[in-house]
1. Given the conditions (1) open to solvent by less than 40 Å² (accessible area, probe 1.4 Å); (2) under 19 Å from the mean Cα position of the chain (by Cα), report the number of the one that B:Ser424 does not fulfil.
2. Restricting attention to region B:431-461, which residues are in contact with a Phe, Trp or Tyr (Cβ under 6 Å, 6 or more places away or on another chain) and within 12 Å of chain A (Cβ to nearest Cβ)?
3. Among (1) touching a helix residue (DSSP H, G or I) at 6+ places or on another chain (Cβ under 7 Å); (2) modelled with pLDDT under 90, there is one condition B:Asp371 misses while meeting the rest; what is its number?
4. When you check B:Tyr451 against the structure, is it out of contact with any Ser or Thr (no Cβ under 8 Å at 6 or more places or on another chain), over 30 Å from B:Gly393 (Cβ atoms) and open to solvent by less than 60 Å² (accessible area, probe 1.4 Å), yes or no?
5. Looking only at region A:57-79, filter to residues that are assigned to a loop (DSSP other than H, G, I, E, B), at pLDDT 60 or above and open to solvent by 90 Å² or more (accessible area, probe 1.4 Å); which one of those is nearest to the other protein chains (Cβ to nearest Cβ)?
6. Please go through region A:128-160 and give me each residue that is away from chain B (no Cβ under 14 Å), closer than 24 Å to A:Gly81 by Cα and either charged (D, E, K, R) or open to solvent by less than 70 Å² (accessible area, probe 1.4 Å) (or both), ordered by number.
7. Test B:Thr21 against the stated conditions and say whether it is part of a helix (DSSP H, G or I), at negative phi and without any contact (Cβ under 8 Å) to a residue 12 or more places away in the chain.
8. For residues that are among the small types (Gly, Ala, Ser) and open to solvent by less than 60 Å² (accessible area, probe 1.4 Å), scanning just region A:30-42, find the one that is farthest from the other protein chains (Cβ to nearest Cβ).
Amino acid sequence: MTARDESMVRTTGKRLAQGMAILVGVMAVGAAIAVPNWHNFASHPPPVSQIAATQASQAGGASAPAAALLPGTTSITILPGANVQGNPSYSPDNDKVPLTNKIVWVNKDTTPHTATSGTGASDPKSGKAFDTKIIANAQSSPVQHLTGVKAGDVVPYYCQIHPYMTGKITVTA
Amino acid sequence: MVLEVKRPRPMWEILFSTHHTDIGLLYIITSMTFLFMGGVLALSIRSELFLPGSHFMGMGPNDFERIFTTHGSDMLLLWVIPFAAGVGNYLIPIYVRYKDMAWPKLNAVAFWMIPVAAVLIWVGFSDVGWTGYPPYSVIRSAGPATDMWIFGMKILGISSILGSVNFVVTILRCKHPDLPIMKMSLFAWGILVQSFQIIIAMPTFSAAMIMMYTDRLGITGFFNPAMGGDPIAYQHLFWFTFHPEVYIFLLPAIAMGYELFPKFSRRPIFSYQSGVVAFVMLGVIGFASWAHHMFATGMSFTEKTVFMIGTLAAVPASSMHVFNFIATMWGGRIKFAAPMLFSVGGIMLFYSAGAGGVVNTAIPLDFLTHDSYLVVGHFHLFMMGTVTMIFTGFIFYLFPLITGRMYKEKPAQIQFIMAMIGISLVFGTQHLLGLYGQPRRTYDYVPLPSYIVMNQIATIGAWMIGPAWGLMLINLLYSSVKGRPVETRDPFGIGEQYYNYARREPHLA
């Protein structure tokens, strides 16, 4: 062993403890900030979405935040997790809707969806009875009127973005 | 090899040092910390997927997205790149026979940007996915987490560029005049090519981050379709950086292989020149394949074909490296200490990962497997199976040289066996899950028996990998205090010095 090798053992228990204390201390401070504020750190939509919502509402707009329903309006919920194939999507998925009623879909999932009449994109009647267009998450669709249907009809509908999401409406008198 | 110029010093002296070995040590310890932190997130992801539905800590879809985003950002940009930079800092000045990095203070600045960026990424826990694709990242992803993620990524990009400029200048301008570039260590060649790649690739991503942030503020609409922007443009900018980044991750691992294979095979490298050529080829070809990540975005057949060929063009260069390693081992008196075990295991898994990549770049198959678990399995086989395995081998290789003590060999061997089995179970099974159609980035899946069984196999594999690296942590912590002191000229008892380190340390003589 040469003279230069004599200084090779450079680690000591004290030194290791100091290093670990620094690392663990920093992580503890980080966790103390991050964990209690888990939801706060992801709670503010980007400013551009506020601008888009304002412009949409000024234009008589598409999707709007979920609001109290007016009489004569049926509400159907798009369930959380509906974007995953196999999960329940619309609730109730076979609602009875009076012919004169209006319908609003409330998207409680985390991704955008539509409620479009028909059995799928290849259905020639797709979107004829109603079509909400895209409903952003945590938003409600514009009020939909049933078009070209009569009492007793069963109207299937689906999501254009996730075609495996299906539901139906039974029209009553 | 002497890796620290003085005897043990106070901790604060190392923390605020600008010496390359101190900065290297800080890089290595920081990156290993993020390896373990990211690993905890990986275990929570796999534990959630053990069964369909939400089971783990009440995890919902958004929680899951936030966890896998932070896991991906952490592992790629806080573990792989900083570790490579740390080892480069340690060894490059020694290998080019210079007293320090070219700009020591800039070196320290580049390192100290990493903890700042890490705090932004880890405290925020954004949900954009590590790719941050618009339009979600622009119009929907909630702040301040995503704003913190953008700034964190931006700072990491600047840090990488500063570090790379320092490496390039140190290697090309500060190299000892008696050391011809074609006699320089292949490790230095790997770091040189990687640094050039970072300097060319990273500014594009940094620009994209600024564009994304101004888009989120509503000032611009580069990627916002509602304002006439194009989300696909972001994907081009992103992958122009991050496909070369795959090689930026890989090249340091290959470079470390060029240190380990000759030394532990007790033979000179089979072909130095082909190693240099393969590094340069990968450095150039890495920029010819970015759009193969985007075949499903509606590109023309001509574009797809060009990028498919560009991707396949990386195969010969990668094969040259693998051939070089095998030919070096051939006929050698191989010592299967932990560094060599992990390197050989890493190259075996590199072959598997590369084979999957070649198949996946075929346009028709790419459409079938796009955004499925096959993609997850493929790139994890690279990042975990190849890069992290070889990096782990290099940690064991450097350990006695850094601490002057030897790690425990038996736990390292047990770790290796657990790692090989665990990695094969997780990422091999994920390839199958992808072929069965399971989409990536979902916290839940259709409760089909085949999905459940394969997800459970993958999760069991992850539960093997976690303890394996936990064993390494205990091994290193214990050995750094209680390990057997070793003679640092030949701590592994190889008996021959392929590299004459004394000749390469004139500043310490």
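1. (1)
2. If the condition is that a residue be in contact with a Phe, Trp or Tyr (Cβ under 6 Å, 6 or more places away or on another chain) and within 12 Å of chain A (Cβ to nearest Cβ), then B:Gln438, B:Tyr443, B:Tyr445, B:Tyr451 are the ones that fit.
3. Only one criterion in (1) touching a helix residue (DSSP H, G or I) at 6+ places or on another chain (Cβ under 7 Å); (2) modelled with pLDDT under 90 is unmet by B:Asp371, namely (1).
4. Working: out of contact with any Ser or Thr (no Cβ under 8 Å at 6 or more places or on another chain): yes; over 30 Å from B:Gly393 (Cβ atoms): yes; open to solvent by less than 60 Å² (accessible area, probe 1.4 Å): yes.
Spelling it out, B:Tyr451 is indeed out of contact with any Ser or Thr (no Cβ under 8 Å at 6 or more places or on another chain), over 30 Å from B:Gly393 (Cβ atoms) and open to solvent by less than 60 Å² (accessible area, probe 1.4 Å).
5. The initial filter retains those residues of region A:57-79 that are assigned to a loop (DSSP other than H, G, I, E, B), namely A:59-63, A:66-72, A:79.
Now narrow it down to the ones that are at pLDDT 60 or above: A:70-72, A:79.
Add one more test, that the residue is open to solvent by 90 Å² or more (accessible area, probe 1.4 Å), and what stays is A:70-71.
Working: A:Leu70: 28, A:Pro71: 33 Å.
Only one residue fits best here, namely A:Leu70.
6. Going residue by residue through region A:128-160, those that are away from chain B (no Cβ under 14 Å) are A:128-132, A:140-160.
Subsequent filtering for residues that are closer than 24 Å to A:Gly81 by Cα retains A:130-132, A:140-144, A:155-160.
Passing the criteria: A:Phe130, A:Asp131, A:Thr132, A:Ser140, A:Ser141, A:Pro142, A:Gln144, A:Val155, A:Pro156, A:Tyr157, A:Tyr158, A:Cys159.
7. Values: part of a helix (DSSP H, G or I): yes; at negative phi: yes; without any contact (Cβ under 8 Å) to a residue 12 or more places away in the chain: no.
When the stated conditions are applied, B:Thr21 does not pass them.
8. Step one: list which residues in region A:30-42 are among the small types (Gly, Ala, Ser), which gives A:30-32, A:34, A:42.
Adding the requirement that they be open to solvent by less than 60 Å² (accessible area, probe 1.4 Å) leaves A:30-31, A:34, A:42.
Working: A:Gly30: 6, A:Ala31: 9, A:Ala34: 5, A:Ala42: 4 Å.
Looking at the filtered set, the residue picked out is A:Ala31.
The values are calculated or read from the model by the stated rules, or taken from the named source; none is laboratory data. These figures come from a predicted structure and were not determined experimentally. With ideal geometry, Cβ positions are generated from the backbone for all residues, glycine too; neighbour counts draw on all protein chains shown. SASA here: full protein model, heavy atoms, side chains in, ligands and nucleic acids out. Shrake-Rupley method; radii C 1.70, N 1.55, O 1.52, S 1.80 Å.
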